[in-house]
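Input: a single structure, listed below in structure tokens.
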Amino acid sequence: MIGREEKTKLIELARTAMPNAHAPYSGYRVGVALLTDRGNYYRGCNVENAALSITLHAEMTAIASAVAAGEKNFLALAVFTPAEYPPFPCALCRQALIEFNRGEMLIIATGKDGKSRETTLAELYPHPFSPFHLLSGDKKT
Ligand code: THU
Ligand code: ZN
């Protein structure tokens, strides 16, 4: 559980990350902020490329920043998209987030009118493929 102040800060950080997006091809800019169990915040934005398929989603870049700083337990994530219908993280990002959370993670989506929707990672992705499945599988040697 995180408090109102942390939620407000997360949304604000996601909003300020959005203009940094490199999205010349889609024109669709996304800003993200992540809160870790150590109380630190990491921002991310989408990074497109002329080789379109190597585009990085905003969530992925925030995850990479947090992990590069030595953080592997995430409490909450906010996505800011200056759109009428702001989305929650896509399926790929849900899988990427599960690696660093066991389902209690708060996910907030905010759009251009400043209104937010909230859910949890468990609700967005109920039966994830997790590190547990890999560890419990037979190992071919
Ligand atoms: N995008 C994200 O940053 N996160 C998602 O989960 C969905 C899509 C970005 C990728 C691309 O730069 C733009 O949105 C349009 O698809
Ligand atoms: Zn995604």
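The values are calculated or read from the model by the stated rules, or taken from the named source; none is laboratory data. All values reported here derive from a predicted model rather than from experimental measurement. Every residue, glycine as well, gets a Cβ built from its backbone with ideal geometry; the counts of neighbours run over all protein chains shown. Quick note on the areas: whole protein, heavy atoms, side chains included, nothing else; ligands and nucleic acids left out. Shrake-Rupley method; radii C 1.70, N 1.55, O 1.52, S 1.80 Å.
Looking only at residues in segment 84-99 that are more than 10 Å from ligand 1 (Cβ to nearest atom) and in a loop (DSSP other than H, G, I, E, B), which one is surrounded by the most Cβ atoms within 10 Å (Cβ to Cβ)?
PRO86
Of the residues that make up segment 105-118, is at least one touching a Gly at 6+ places or on another chain (Cβ under 6 Å) and modelled with pLDDT of 95 or more?
Keep residues of segment 105-118 that are touching a Gly at 6+ places or on another chain (Cβ under 6 Å), which gives none.
For segment 105-118, residues touching a Gly at 6+ places or on another chain (Cβ under 6 Å) and modelled with pLDDT of 95 or more: absent.
For (1) within 28 Å of PHE129 (Cα to Cα); (2) open to solvent by 20 Å² or more (accessible area, probe 1.4 Å), each residue gets a yes or a no:
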{"residue": "GLU12", "(1), (2)": "no, yes"}
{"residue": "SER26", "(1), (2)": "no, yes"}
{"residue": "VAL32", "(1), (2)": "yes, no"}
{"residue": "GLY44", "(1), (2)": "yes, no"}
{"residue": "ILE63", "(1), (2)": "yes, no"}
{"residue": "ASN73", "(1), (2)": "yes, yes"}
{"residue": "ALA78", "(1), (2)": "yes, no"}
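This table checks each residue for (1) farther than 21 Å from MET18 by Cα; (2) small (Gly, Ala, Ser); (3) open to solvent by 40 Å² or more (accessible area, probe 1.4 Å); (4) in contact (Cβ under 8 Å) with a residue 40 or more places away in the chain.
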{"position": "ALA51", "(1), (2), (3), (4)": "yes, yes, yes, no"}
{"position": "GLU59", "(1), (2), (3), (4)": "no, no, no, no"}
{"position": "ASN101", "(1), (2), (3), (4)": "yes, no, no, no"}
{"position": "GLU123", "(1), (2), (3), (4)": "yes, no, yes, no"}
{"position": "PRO131", "(1), (2), (3), (4)": "yes, no, no, no"}
{"position": "LYS139", "(1), (2), (3), (4)": "yes, no, yes, no"}
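Can you find, within segment 35-59, the residue that is farthest from ligand 1 (Cβ to nearest atom) among those that are closer than 25 Å to GLY114 by Cβ and part of a helix (DSSP H, G or I)?
GLU59
Within the bounds of segment 110-123, is there any residue that is within 16 Å of ligand 1 (Cβ to nearest atom), in contact with a Pro (Cβ under 6 Å, 6 or more places away or on another chain) and among the charged types (D, E, K, R)?
Yes, segment 110-123 contains at least one residue that is within 16 Å of ligand 1 (Cβ to nearest atom), in contact with a Pro (Cβ under 6 Å, 6 or more places away or on another chain) and among the charged types (D, E, K, R).
Quick one: in segment 20-34, which of the residues that are part of a strand (DSSP E or B) and in contact with a helix residue (DSSP H, G or I) (Cβ under 6 Å, 6 or more places away or on another chain) is nearest to ligand 2 (Cβ to nearest atom)?
VAL32
Test each condition in (1) part of a strand (DSSP E or B); (2) surrounded by fewer than 17 Cβ atoms within 10 Å (Cβ to Cβ) for ILE108 and report the one that comes out false.
Among (1) part of a strand (DSSP E or B); (2) surrounded by fewer than 17 Cβ atoms within 10 Å (Cβ to Cβ), the lone unmet condition for ILE108 is (2).
If you scan segment 17-47, which residues turn out to be more than 15 Å from the chain's Cα centre (by Cα) and over 23 Å from LYS72 (Cβ atoms)?
Across segment 17-47, the qualifying residues are PRO19, ASN20, HIS22, ALA23, PRO24, TYR25, SER26, GLY27, TYR28.
Using the structure shown, decide if GLU71 is assigned to a helix (DSSP H, G or I) and either away from ligand 2 (no atom under 13 Å from the Cβ) or within 11 Å of the chain's Cα centre (by Cα) (or both). Give the steps one after another, and end with the answer.
Values: assigned to a helix (DSSP H, G or I): no; either away from ligand 2 (no atom under 13 Å from the Cβ) or within 11 Å of the chain's Cα centre (by Cα) (or both): yes.
Answer is no for this residue.
Hey, any hits in segment 114-122 for a residue that's more than 16 Å from ligand 2 (Cβ to nearest atom), part of a loop (DSSP other than H, G, I, E, B) and under 20 Å from LYS7 (Cβ atoms)? Explain how you work it out, then say what you get.
Let us first name the residues in segment 114-122 that are more than 16 Å from ligand 2 (Cβ to nearest atom), namely 114-118, 120, 122.
Within this subset, residues satisfying the condition of being part of a loop (DSSP other than H, G, I, E, B) are 114-115.
Checking the rest, the ones that are also under 20 Å from LYS7 (Cβ atoms) come to 114-115.
Yes, there is a match, as at least one residue in segment 114-122 is more than 16 Å from ligand 2 (Cβ to nearest atom), part of a loop (DSSP other than H, G, I, E, B) and under 20 Å from LYS7 (Cβ atoms).
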